[in-house]
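Everything on this sheet refers to the single structure shown next.
Each reported figure results from applying straightforward, stated rules to the coordinates on display, with no laboratory input. All of these numbers come straight from a predicted model, not from anything done at the bench. Reconstructed Cβ throughout: ideal geometry from the backbone, glycine too, with neighbour counts over all protein chains shown.
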Amino acid sequence: MNEAEALRVMSALAQSTRMRVFVMLTRAGDAGMGSSEIADAVGVPRNLMSSHLAILSKAGIILARKAGRSVTYTAVREIVIALGDHLRDLGAGGASEEPA
């Protein structure tokens, strides 16, 4: 993971609703959840949930699977693992990239 990718992931998760959505999707596993189900569980109006889901999707943190007219969202756990590895490398002085 490079610095730009790390910043994109951290920025997406730096908002409490999006962090809660990601945690819920991680717990839901491969079954995932629909946007209405996510919005109801988080307590966010359904019309606002789409923007949060779009930000998480753009950051590569969640994936959307279409089945007919419904969309199921799942968490991409590997990207957070990669972020953790990247941050550990930075802490250990192993990354050679200069901060922006």
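What list do you get for 21, 44 if you sort them by fewest beta carbons within 10 Å? Before the final figure, lay out the partial values.
Working: 21 29, 44 16.
In increasing order of surrounding Cβ atoms, one gets 44, 21.
Once both labels are positioned 7 Å from their Cα atoms along Cα-to-Cβ, the gap between residue 51 and residue 90 label points is 2.7 nm. Applying the criteria of a DSSP loop state and at most 14 other Cβ atoms within 10 Å to the trypsin sites (Lys or Arg not before Pro) of the chain yields 69. Only helices reaching 20 angstrom along their own axis (Cα) with mean Kyte-Doolittle hydropathy no lower than -1.0 count here, and for the DSSP H runs of the chain these are 77-91.
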